[in-house]
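Colleague: Mind looking over this structure? Questions follow.
What follows draws every value from the coordinates through simple rules; no lab data is involved. This structure is a prediction, so every number in the text was calculated from the model and none was measured. No Cβ is skipped: glycine too gets one built from the backbone with ideal geometry, and neighbour counts run over all protein chains shown.
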Amino acid sequence: MAAQHFDTLFQTPEATAAFGAALAVRLLPGDVVLLEGAVGAGKTHLARALIHAVLLQDEDVPSPTFTLVQTYETRNGTLWHSDLYRLSSTFEIEELGLIDAFADAICLIEWPDRLGELTPETALHLTLENTPDDDARRLHATWSDPKWQDRLSGLCT
């Protein structure tokens with residue numbers, strides 16, 4: 001399948017969070033979502049909203065910047081939230097167990113460029129961009145796996 005995409009503008013942080021929450025309930029084990037964007041673009045904000053929407057119990061959702069990986073038990077299965085910013089080699093990624101998690105967990109990956117050749121072909125790529133309006137964010141979504149067409153249907157127009 002050729003690459004598919006959509007773009008949308010979230011006018012507020014709440015709209016960004018609402019998208020994350022709506023996407024969350026559609027994710028299943030084996031799904032990989034790659035969150036890209038500059039520092040401060042809203043990757044962690046979107047990830048937190050997504051995670052909170054499917055948690056089995058209310059808990060803190062810290063950024064995994066220093067721990068590298070946070071795992072959560074959710075209604076949809078185990079979810080791994082990873083921040084690869086501080087990693088410098090794919091060997092470090094393999095040591096984290098992330099490659100195995102791609103097969104049987106929901107994986108949210110910030111700074112996915114660090115994955116290099118380990119990037120799953122079936123991943124959903126979400127790029128957040130800052131705008132002149134400090135509260136607004138532009139989202140660009142791309143995918144090649146046909147499953148994402150159905151999963152994203154109705155989320156953005």
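Colleague: Which order do His81, His5, His52 fall in if you start with the one that has the fewest other Cβ atoms within 10 Å?
Modeller: Lowest count first: His5, His52, His81.
Colleague: For the chain, modelled as a GNM with alpha-carbon contacts under 10 angstrom, which of Arg86, Arg137, Arg48 fluctuates the most?
Modeller: Comparing Arg86, Arg137, Arg48 in the GNM, the peak value goes to Arg86.
Colleague: Put +1 on the Cβ of each Lys and Arg and -1 on the Cβ of each Asp and Glu in segment 31-140; which of Ala38, Gly116, Thr131 then has its Cα farthest toward the positive end of the dipole?
Modeller: It is Thr131.
Colleague: Compute the length gained on full extension between Thr122 and His5: take 0.36 nm times their separation in residues and subtract their Cα-Cα distance, giving the result in nm to one decimal.
Modeller: In short, 40.8 nm is gained.
Colleague: Separate question: Among Ile109, Ile99, Ile51, which one moves the most in a GNM of the chain with springs linking Cα atoms closer than 10 Å?
Modeller: Ile99
Colleague: Continuing with this model, one more query. Most fluctuating residue of Pro132, Pro146, Pro29 in a GNM of the chain with Cα springs under 10 Å: which is it?
Modeller: Of Pro132, Pro146, Pro29, the Gaussian network model singles out Pro132 as fluctuating most.
Colleague: Let me ask something additional. Antiparallel DSSP bridges in the chain: what percent, to the nearest 5? Walk me through the numbers on the way to the answer.
Modeller: Numbers: 20 of 33 bridges.
Beta bridges within the chain, antiparallel portion: roughly 60 percent.
Colleague: If you take every residue apart from His52 with its C-beta less than 11 Å away from the C-beta of His52, what net charge results, scoring Lys and Arg +1 and Asp and Glu -1? The partial results should precede the final answer.
Modeller: Numbers: positive: Arg48; negative: Asp58, Glu59, Asp60.
Cβ neighbours under 11 Å give a net charge of -2.
Colleague: Counting each pair of different Cα atoms once, what's the Kirkwood radius of the chain in Å, rounded to one decimal?
Modeller: Radius from the Kirkwood sum: 15.6 Å.
Colleague: Going by how many other Cβ atoms sit within 10 Å of their own, how do Val33, Val61, Val25 line up, fewest first?
Modeller: Ordered by Cβ neighbours within 10 Å, fewest first: Val25, Val61, Val33.
Colleague: Measure off 7 Å from each Cα along the Cα-to-Cβ vector at Ala18 and Asn130, then give the distance between these two points in nanometres to one decimal.
Modeller: With each label placed 7 Å out from Cα toward Cβ, I get 2.5 nm.
Colleague: Working out 0.36 nm times the residue gap between Phe91 and Leu55, then minus their Cα-Cα distance, what length gain in nm do you get to one decimal? Present the calculation step by step, with values, prior to reporting the outcome.
Modeller: Numbers: separation 36, 0.36 × 36 = 12.96 nm, distance 3.02 nm.
Gain in length upon complete extension: 9.9 nm.
Colleague: Please give me the summed charge of the neighbours of Lys43: other residues whose Cβ is under 9 Å from its Cβ, Lys and Arg +1, Asp and Glu -1.
Modeller: Local net charge: -3.
Colleague: Sum -39500 (n - 2.57) across every DSSP H segment of at least 4 residues in the chain, then divide by the residue count to get the 222 nm mean residue ellipticity, nearest 500.
Modeller: Result for the chain, helices only: -8000 deg cm²/dmol.
Colleague: So, one more: Over the chain, what is the mean sequence separation of C-alpha contacts under 8 Å (at least six apart), divided by residue count, expressed as relative contact order in percent?
Modeller: Dividing the mean separation by the residue count of the chain yields 36 percent.
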